[in-house]
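Some notes on the structure that comes next.
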Amino acid sequence: MHLGAVGRDGDWLLEWLECLGVARDAIVHLYCASGHAITTVAADGDNAITLFSGANTAMSEAPLTQWLASIGLGDWLVMQNETAHQVHAARLARSQGACVVYSAVPFEAKAVAEVLAFLNILCANEHE
């Protein structure tokens, strides 16, 4: 199941997830642009990522609370730093017995520090 939000330009993504068999009932449609990233890679392999958070951070906390109400022992919440309400989601999932995996990408020390106490697994890239 994918939890999250898409903007008014996200219909193609919802269709793609459906074709892949991913449950998308927990994706809200917001009246803004969907979040996206552009990654550029230099000849030496170094990269730069430009982010537009869009719907990823425009979603309210209420849908997360509703969607995570049934999470529990044996379930996993996997999230990354490009999303809204990370601490709320991680705290709720852990309080109900789920394991929480957090990808600290893109890296922000403050965001990692705030969510760290609720994680089972912290994932970071080479430079982070």
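Karplus couplings for the stretch 85-99 from phi (6.51 cos²θ - 1.76 cosθ + 1.60, θ = phi - 60°), rounded to Hz, Gly and Pro as x?
6, 4, 5, 4, 5, 5, 4, 5, 4, 5, 5, 9, x, 7, 8
Multiply the residue gap between Thr65 and Leu17 by 0.36 nm, knock off their C-alpha separation, and tell me the result in nm, one decimal place.
15.1 nm
If the chain were replaced by its equivalent ellipsoid, with semi-axes equal to the square roots of 5 times the Cα gyration tensor eigenvalues, what would those be, largest first, whole Å?
One finds semi-axes of 23, 21, 13 Å for the chain.
Divide by every residue of the chain the summed helix terms, -39500 (n - 2.57) for each DSSP H run of at least 4, and state the resulting mean residue ellipticity at 222 nm, rounded to the nearest 500 deg cm²/dmol.
When only DSSP H runs of four or more count, the value is -7500 deg cm²/dmol.
Over the stretch 1-59, consider all pairs of different Cα atoms and compute the Kirkwood hydrodynamic radius from their mean reciprocal separation; express it in Å, one decimal.
In the stretch 1-59 this quantity evaluates to 12.6 Å.
Share of Cα-Cα pairs in the stretch 70-128 beyond 12 Å, in percent?
So the portion of pairs separated by more than 12 Å is 61 percent.
Taking 25 Å as R0, compute the FRET efficiency from the Cβ-Cβ separation of Asn120 and Arg8 and round it to 0.05.
It comes to 0.10.
What order, most packed first, do the peptides 113-124, 86-97 have when packing is the mean number of other Cβ atoms within 10 Å of each residue?
Packing proxy ranking, top to bottom: 86-97, 113-124.
At 0.36 nm per residue, and after removing the present C-alpha to C-alpha distance, how many nm does the segment from Arg91 to Ala26 gain when stretched out fully?
21.5 nm
Please find the FRET efficiency linking Thr39 to Ala113, where r is the Cβ-Cβ separation and R0 is fixed at 35 Å, and quote it to the nearest 0.05.
That pair, Thr39 with Ala113, gives E of 0.85.
Any read-out appearing in this document is the output of simple, stated calculations on the displayed coordinates, not a laboratory observation. Every value quoted in this text rests on a predicted model; they were computed, and no experiment measured them. Here Cβ is always computed from backbone atoms with ideal geometry, including for glycine, and neighbour counts include all displayed protein chains.
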